[in-house]
1. Applying the selection to region 192-219, what residues are more than 6 Å from the ligand (Cβ to nearest atom), part of a helix (DSSP H, G or I) and basic (Lys, Arg)?
2. Taking the condition of being buried (at least 24 other Cβ atoms within 10 Å of the Cβ) and hydrophobic (A, V, I, L, M, F, W, C), how many residues in region 40-54 meet it?
3. Being surrounded by 14 or more Cβ atoms within 10 Å (Cβ to Cβ) and either modelled with pLDDT of 95 or more or out of contact with any helix residue (DSSP H, G or I) (no Cβ under 6 Å at 6 or more places or on another chain) (or both) narrows it down to one of Ser94, Ser112, Ser70, Ser87, so name that one.
4. Select from region 273-289 the residues that are near the ligand (Cβ under 7 Å from one of its atoms) and part of a helix (DSSP H, G or I) and write down the one among them that is surrounded by the most Cβ atoms within 10 Å (Cβ to Cβ).
5. Determine which member of the set Glu77, Glu62, Glu109, Glu89 is away from the ligand (no atom under 13 Å from the Cβ) and within 25 Å of Phe276 (Cβ to Cβ).
6. List the number of the failed condition for Leu190; all other conditions in (1) of a type outside the set (Phe, Trp, Tyr); (2) more than 25 Å from Val271 (Cα to Cα); (3) touching a helix residue (DSSP H, G or I) at 6+ places or on another chain (Cβ under 7 Å) hold.
7. Kindly establish whether Ile133 is farther than 25 Å from Lys13 by Cα and surrounded by 15 or more Cβ atoms within 10 Å (Cβ to Cβ).
8. Give the residues of region 141-190 that are of a type in the set (S, T, N, Q) and in a helix (DSSP H, G or I), sorted by residue number.
Amino acid sequence: MIEKIHTLFFMKKIIFGTRQIGWPPSYKACPLEKAAEILSYSFQKGIRSFDSAPIYGNGKSEAILWDFISKNGLRDEVEIITKFGFSLEKNGTSIFDFRPAGIQKQLEESLSRLKTDYIDMYLLHIPQKTLNIGEILGTLNTLKREWKILSYGLCNTYGKQLQEFLAHRESHIEYIEDFYNILERKAEKLIFPYLQKQKFLAYGPLYRGFLTDIDIKILLEKQEDGIKRLLKHDGLPWLLRQRKILEEVAKRKNTSLEKLALEFLEKSDTVESIIFGTTNKEHLDIFLKNLKPS
Ligand SMILES: NC(=O)c1ccc[n+]([C@@H]2O[C@H](COP(=O)([O-])OP(=O)(O)OC[C@H]3O[C@@H](n4cnc5c(N)ncnc54)[C@H](OP(=O)(O)O)[C@@H]3O)[C@@H](O)[C@H]2O)c1
């Protein structure tokens, strides 16, 4: 049923990303009312899948998501994606924990914040260089047998490490989630060649807002430090040059930058789902309109 609704109007499944509604200081704090409103609006628009993580607002995004789902009695109608392995200390220090007991504890905490007894899709968030792959997969398989998670996968895992995960005899990996858009194409070399039956979920379709007609000064000012840091880290001068080139291509094709970026994902044979996050109803409308085949 969920799959049917997803594919009724769009070529790809659309997943609502909840990082923006729960992750200050990377994003400006989104007032609770506004968060509830945008979640409800995305549901009205046919979105049935929600991507979260314990790190988004240190649990706040998961809690807000649950509030919306429970108040509206929607647990059986929606798919919840959340993640493990990466969290923050109260003082902001990153913690990486992939031990079996650590994964079980993180799952229990997510289940308790989400007030549900199962997670539809449980993803390893940010891997470290050295991981005990067999131990991680064994733990995930146990959680699956216990019906605490229905499926699992990996985010941000590339090349040799990804191959090792997928080739492992314990692997029942169904999903791979990564940053992929018209500008950020490393997945084509480091992920796509290794996919077997796994579904690929692309996050960052608009490159953190960069692939829209927003004035860059406003984009940089509007978000708090996190987005500025991310864009600087990616090489702002390079991004600005690429954006200019894409703007010219869009102009020649008599289309917009955002539509050009979304058509690229829509035409991909590998992308199964697109994860989009916003705090703004109008931006969701523009996104959905641009994604619809014209
Ligand atoms: N697995 C992972 O490691 C991972 C990492 C990053 C993200 N994700 C997931 O992917 C989701 C989306 O990713 P993302 O934030 O990187 O990328 P994105 O969807 O490409 O961009 C979202 C940003 O663009 C802005 N935006 C959207 N439409 C706009 C418009 N028409 N004009 C101006 N600004 C616009 C939004 O701000 P407004 O709120 O102002 O609309 C938002 O901050 C996240 O919520 C999260 O669930 C997963």
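The values are calculated or read from the model by the stated rules, or taken from the named source; none is laboratory data. In this text the structure is predicted, and so the values were computed from the model without any measurement. Cβ atoms come from the backbone with ideal geometry, glycine included; neighbour counts cover every protein chain shown.
1. Our first condition is that a residue be more than 6 Å from the ligand (Cβ to nearest atom); within region 192-219, this holds for 192-202, 210-211, 213, 215-219.
Now restrict to residues that are part of a helix (DSSP H, G or I): 192-194, 216-219.
Within region 192-219, just Lys217 meets the criteria.
2. Residues flagged as buried (at least 24 other Cβ atoms within 10 Å of the Cβ) and hydrophobic (A, V, I, L, M, F, W, C) within region 40-54 amount to 2.
3. Details: Ser94 fails: surrounded by 14 or more Cβ atoms within 10 Å (Cβ to Cβ); Ser112 fails: surrounded by 14 or more Cβ atoms within 10 Å (Cβ to Cβ); Ser70 fails: surrounded by 14 or more Cβ atoms within 10 Å (Cβ to Cβ).
One residue alone meets the criteria, Ser87.
4. If we filter region 273-289 for residues that are near the ligand (Cβ under 7 Å from one of its atoms), which is where we start, we get 275-280, 283, 286-287.
Cutting the leftovers down to part of a helix (DSSP H, G or I) gives us 283, 286-287.
Details: His283: 19, Ile286: 19, Phe287: 21.
Across region 273-289, the extreme among qualifying residues is Phe287.
5. Details: Glu62 fails: away from the ligand (no atom under 13 Å from the Cβ); Glu109 fails: within 25 Å of Phe276 (Cβ to Cβ); Glu89 fails: within 25 Å of Phe276 (Cβ to Cβ).
Going through Glu77, Glu62, Glu109, Glu89 in turn, just one is away from the ligand (no atom under 13 Å from the Cβ) and within 25 Å of Phe276 (Cβ to Cβ): Glu77.
6. (2)
7. Numbers: farther than 25 Å from Lys13 by Cα: yes; surrounded by 15 or more Cβ atoms within 10 Å (Cβ to Cβ): yes.
It is true that Ile133 is farther than 25 Å from Lys13 by Cα and surrounded by 15 or more Cβ atoms within 10 Å (Cβ to Cβ).
8. The initial filter retains those residues of region 141-190 that are of a type in the set (S, T, N, Q), namely 141-142, 151, 156-157, 161, 163, 171, 181.
Scanning region 141-190 gives Asn141, Thr142, Gln161, Gln163.
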